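Here is the structure we will look at.
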Amino acid sequence: MSRYLITGSSGFLGTILTREFSKAGHELVLVDLIPPAVEDERNLFLKLDLQRPESVDQIVKAGPFDAIFHLASQIDFGVDDQSSLFENNVGTTRSVVELAKRTSCRKVVFTSSNAIFLGYPGDRQINNEDPPRTTDEYGRSKVRSEELLAEHAMDFDSLVFRCPNILDSGRVGMLSIFFDFVIEGRKCWLIGDGSTRYQCLYSLDLIDAMMRSLQIEGSHTFNIGSDDVTSIREMYQAVIDRSGTDARVASLPRFPAIPTLRMLNRMGLSPIGPYQFRMLTADFVFDCTKLKSETGWRPSLNNSEMLCKAFDFYESHRLLLDGTQSANSGRASQGIIRIVRRLS
């Protein structure tokens, strides 16, 4: 068995990774500002701010580690200040670099994001050789974090996974808005005809890829995502069919819907920001050939299947979500969307 450090251990993905590693018998050191939802005396939990030097010192004492899984990250709709988001995400990565060096850890696994490519128009697949084109501070923070890891290639191997939306039971966040429309039997609005294809990723498929990557030598950056990418309309319909409610898919014309939503977001009245606009209005699909050829990895679920898993969880747990969860594990603030929902 191995000894792993997980940053952001109480978030959506961190919770799943902790569960799977615990089942496999690995020894875990968990770092987060939020305690784990389920305590396990076999794991060492450290409630620490990863950016503080004294926190780094304390984590070093808990080493050594066979690998560090760096998941800690703020996301755009979870903060009010985008500049602080950049500083936080880059700062935590600097701390991880220091931790790896001081504990002589040879493997750092980092979850980057497809947000670093949102400047592309969506007219083709994104491959591993395409340079980043960012549109927001979140994407820029991921690019800078990748650069920091690459600068220390002589000190440790970095294994970077550029992830689209990660879905599974327990993923809530912005999905809670759509799920509430479905549960209440409302019209579920799409921008345009809903033919946009936006790749997602099943959490257990990501964990499988991470573990496979630990077996190869050197530093690598991988695109990762589902196969058979279904359209947003198909994803919506799969959840509606699953729910058995009277919800139905409805379309809004791209104009004036897009400029109106952008204005409401800038005014702080709507949580739907640049990432969500891109998801609803332009295709995004990764070419995952490199990951498949170098590790033998294959995805197991498509978009609609994993979204249904997320819906099933939300339907049975929504009354238990009390605001103490991480941004992706708790409900998103709906703002003016709450009024739209009641009128739909």
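The values are calculated or read from the model by the stated rules, or taken from the named source; none is laboratory data. Note that the coordinates shown come from a computational prediction; the quantities given were computed from them, not determined experimentally. We place every Cβ from the backbone using ideal geometry, glycine too, and count neighbours over all the protein chains shown. With ligands, DNA and RNA removed, areas are computed over all heavy atoms of the protein, side chains included. Shrake-Rupley method; radii C 1.70, N 1.55, O 1.52, S 1.80 Å.
Please go through (1) without any contact (Cβ under 8 Å) to a residue 60 or more places away in the chain; (2) open to solvent by less than 10 Å² (accessible area, probe 1.4 Å); (3) not β-branched (Val, Ile, Thr) for SER84 and return the number of the only condition it doesn't satisfy.
The failed condition is (2).
Going by the structure shown, is PHE69 of a type in the set (Phe, Trp, Tyr), in contact (Cβ under 8 Å) with a residue 24 or more places away in the chain and within 23 Å of LEU167 (Cα to Cα)? Show your work before the answer.
On the way: of a type in the set (Phe, Trp, Tyr): yes; in contact (Cβ under 8 Å) with a residue 24 or more places away in the chain: yes; within 23 Å of LEU167 (Cα to Cα): yes.
Against the criterion (of a type in the set (Phe, Trp, Tyr), in contact (Cβ under 8 Å) with a residue 24 or more places away in the chain and within 23 Å of LEU167 (Cα to Cα)), PHE69 qualifies.
Are any residues in segment 266-307 part of a helix (DSSP H, G or I), more than 16 Å from the chain's Cα centre (by Cα) and either surrounded by fewer than 19 Cβ atoms within 10 Å (Cβ to Cβ) or of a type in the set (Asp, Glu) (or both), and if so, which ones? Even if it seems obvious, please write down each step before you answer.
Residues of segment 266-307 that are part of a helix (DSSP H, G or I), as a first pass: 266, 274-281, 289-295, 303-307.
Applying the additional criterion that residues be more than 16 Å from the chain's Cα centre (by Cα) yields 266, 277, 280-281, 289-295, 304-305.
Passing the criteria: ARG266, PHE277, THR281, THR289, LYS290, LYS292, SER293, GLU294, GLU305.
Among the residues in segment 144-153, are any open to solvent by 20 Å² or more (accessible area, probe 1.4 Å), part of a loop (DSSP other than H, G, I, E, B), at pLDDT 95 or above and of a type in the set (Asp, Glu)?
Yes, some residue in segment 144-153 is open to solvent by 20 Å² or more (accessible area, probe 1.4 Å), part of a loop (DSSP other than H, G, I, E, B), at pLDDT 95 or above and of a type in the set (Asp, Glu).
Taking segment 88-125, which residues are among the hydrophobic types (A, V, I, L, M, F, W, C), assigned to a loop (DSSP other than H, G, I, E, B) and over 15 Å from PRO164 (Cβ atoms)?
Just the residues of segment 88-125 that are among the hydrophobic types (A, V, I, L, M, F, W, C), to begin with: 90, 96-97, 99-100, 105, 108-110, 115-118.
Still in the running and assigned to a loop (DSSP other than H, G, I, E, B): 105, 118.
Hit for segment 88-125 is CYS105, nothing else.
Just to be sure I understand the filter: pairs with C-beta atoms under 6 Å, separated by 6 or more residues or on different chains, first member in segment 219-248 and part of a loop (DSSP other than H, G, I, E, B) and open to solvent by 70 Å² or more (accessible area, probe 1.4 Å), second member modelled with pLDDT of 95 or more and not hydroxyl-bearing (Ser, Thr, Tyr). Which pairs pass?
Every condition considered, the pairs that remain are ASP228/ASN302; ASP246/GLY185.
Considering segment 303-344 alone, what residues qualify as being of a type in the set (S, T, N, Q), modelled with pLDDT of 95 or more and under 24 Å from LEU71 (Cβ atoms)?
Matches in segment 303-344: ASN303 only.
What number of residues within segment 102-121 are open to solvent by 20 Å² or more (accessible area, probe 1.4 Å) and under 18 Å from ASN223 (Cα atoms)?
The initial filter retains those residues of segment 102-121 that are open to solvent by 20 Å² or more (accessible area, probe 1.4 Å), namely 102, 104, 106-107, 119, 121.
Now restrict to residues that are under 18 Å from ASN223 (Cα atoms): 119, 121.
Result for segment 102-121: 2.
Looking only at segment 1-28, how many residues end up being touching a Phe, Trp or Tyr at 6+ places or on another chain (Cβ under 7 Å) and free of Cβ contacts under 8 Å to residues at least 60 places away in the same chain?
Within segment 1-28, residues that are touching a Phe, Trp or Tyr at 6+ places or on another chain (Cβ under 7 Å) and free of Cβ contacts under 8 Å to residues at least 60 places away in the same chain number 3.
How about segment 1-44: which of its residues are assigned to a loop (DSSP other than H, G, I, E, B), open to solvent by less than 50 Å² (accessible area, probe 1.4 Å) and closer than 21 Å to ASN89 by Cα?
GLY8, SER9, SER10, GLY11, PRO36
Can you name every residue in segment 187-217 that is of a type in the set (D, E, K, R) and either in a helix (DSSP H, G or I) or touching a helix residue (DSSP H, G or I) at 6+ places or on another chain (Cβ under 6 Å) (or both)? Even if it seems obvious, please write down each step before you answer.
First, pick out the residues of segment 187-217 that are of a type in the set (D, E, K, R): 187, 193, 197, 205, 208, 212, 217.
The answer is ASP205, ASP208, ARG212.
Scan segment 234-242 and tell me whether some residue there is modelled with pLDDT of 95 or more and more than 19 Å from LEU167 (Cβ to Cβ). Don't jump to the end; show me each part of the working.
From segment 234-242, those modelled with pLDDT of 95 or more are 234-242; that's our starting set.
From the residues that got through so far, the ones that are more than 19 Å from LEU167 (Cβ to Cβ) too are none.
Scanning segment 234-242 turns up no residue that is modelled with pLDDT of 95 or more and more than 19 Å from LEU167 (Cβ to Cβ).
Go through segment 165-185 and count every residue that is open to solvent by 30 Å² or more (accessible area, probe 1.4 Å) and within 12 Å of TYR236 (Cα to Cα).
Matching residues across segment 165-185 total 1.
Does THR295 satisfy the condition of being among the β-branched types (Val, Ile, Thr) and at pLDDT 95 or above?
The answer is yes for THR295.
Looking for something farther than 23 Å from PHE284 by Cβ and crowded, with 21+ Cβ neighbours inside 10 Å - is there at least one such residue anywhere in segment 59-66? Can you show your working first?
Kept after step one, since they are farther than 23 Å from PHE284 by Cβ, are these residues of segment 59-66: 59-66.
Adding the requirement that they be crowded, with 21+ Cβ neighbours inside 10 Å leaves 59, 65.
Within segment 59-66, one or more residues are farther than 23 Å from PHE284 by Cβ and crowded, with 21+ Cβ neighbours inside 10 Å.
Quick check on segment 308-336: of everything there that is of a type in the set (A, V, I, L, M, F, W, C) and not in a loop (DSSP other than H, G, I, E, B), which residue is surrounded by the most Cβ atoms within 10 Å (Cβ to Cβ)?
At the first step, the residues of segment 308-336 found to be of a type in the set (A, V, I, L, M, F, W, C) are 308, 310-311, 313, 319-321, 327, 332, 336.
Next cut, not in a loop (DSSP other than H, G, I, E, B) only: 308, 310-311, 313, 319-320.
Working: CYS308: 19, ALA310: 26, PHE311: 23, PHE313: 17, LEU319: 6, LEU320: 7.
Looking at residues that are of a type in the set (A, V, I, L, M, F, W, C) and not in a loop (DSSP other than H, G, I, E, B), I get ALA310.
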